[in-house]
Amino acid sequence: MTKSINGHADVVAGCIVTQTKEMAARLRPIMITMGMCLDANSAFLTRRGLKTLPLRVERAQDSAMRLALYLESHAKVAWVRYPGLESHPQHEVAKRIMKGPGSMISFGLKGGLDAGKKLLNSVKLCALAVSLGGVETLIQHPASMTHAKLSPQARLKAGVSDDLIRLSVGIEETEAVMADLAQAFPPPCACAPGPLWRRACGGAQLPSSAVARAAQ
């Protein structure tokens, strides 16, 4: 509810779903005693977000697919993990059990820890934040942010490599997000569109308007 259902990063909400009415009846007195209910404004904002959920998910997933293809073809990217890509280990499983591949992309940046820090310091459109499911595209580098206090060994044990970048795709113009990433990659930036990049963008070049917005 806090993430995709609300979708605007302006509430903290949650719900409890039970399998039986009996369990719900047991939990309700505890919820009332502890004050576990939304204030009126948060409830209104969550209900407002629910109305646009299908539109936002569809737009974000479409954009994420195109961005994943772009990243997979980029010379500065070592690997990409996105269920919509055929290269994903569980791609076939995702196709079978999911209605869509989602809007979360993980990728590895060549150059490791320092390259990750430079990338995040260089983006201008993508917001530097740790969340997901909102209308804005968010980017984070776990090794220097959420897991920075862990040793490299502890991070690896937790599955967090130094090159890991997490991208939660929002509903902005896909081309604008691509342009932002392109200008932020460590130089020299191999931004020349390859076959997969052209496939992701429908064969078109990045519009100058999108490049200008990302550079502002």
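Bear in mind that the values in this text are calculations on the coordinates, not laboratory data. Since the structure is predicted, the reported quantities are computational estimates derived from the model, not experimental observations. Methodologically, a virtual Cβ is constructed for each residue, glycine included, from the backbone with ideal geometry; neighbour enumeration extends over all protein chains shown.
Using the alpha-carbon positions of the chain, Rg (one decimal) and Dmax (whole number) come out as 19.6, 62 Å. With 28 Å as the limit, the listed pairs Lys3/Lys110; Lys3/Lys117; Lys110/Lys157; Lys51/Lys117; Lys51/Lys149; Lys118/Lys157 have Lys3/Lys110; Lys51/Lys117; Lys51/Lys149 beyond it between alpha carbons. A Gaussian network model of the chain, with springs between Cα atoms under 10 Å, assigns the largest mean-square fluctuation among Arg96, Arg66, Arg28 to Arg28. Summing charges over neighbours of Met104, with a neighbour being any other residue whose Cβ is under 12 Å away from its Cβ, gives +3 when K and R count +1 and D and E count -1. The Cβ shell under 13 Å around Thr46 holds other residues with a net charge of +2, Lys and Arg each +1, Asp and Glu each -1. Each peptide in 80-89, 101-110 was scored by the mean count of other Cβ atoms within 10 Å over its residues; highest first, the order is 101-110, 80-89. Sorted into 5 angstrom bins from 0, the C-alpha pair distances of the stretch 1-51 split as 5, 20, 24, 17, 18, 14, 2 percent.
Within the stretch 13-27, what residues put their amide N at less than 11 Å from the label point 7 Å along the Cα-to-Cβ vector of Thr33? Output list for this probe position: 27. Distances between placed amide hydrogens fall under 5 Å for Trp79 paired with Gly108, all partners being 5 or more residues away or on another chain.
Packing around the peptides 7-13, 146-152, taken as the average count of other Cβ atoms within 10 Å per residue, puts them in this order, highest first: 7-13, 146-152.
Temperature 10 °C, viscosity 1.306 mPa s: under these conditions the Stokes-Einstein estimate for the stretch 32-96, based on its Kirkwood radius over C-alpha pairs, is 106 µm² per second. When the chain is treated as a GNM, springs tying every alpha-carbon pair under 10 Å, which of Met98, Met31, Met178 comes out with the largest mean-square fluctuation? For the chain, modelled as a Gaussian network with Cα springs under 10 Å, the answer is Met31. Note on Lys76: aspartates and glutamates with a C-alpha under 12 Å away, same-chain residues under 8 apart excluded, are Asp163.
Counting 0.36 nm for each residue step from Asp114 to Arg96 and taking away their Cα separation leaves a gain of 2.7 nm.
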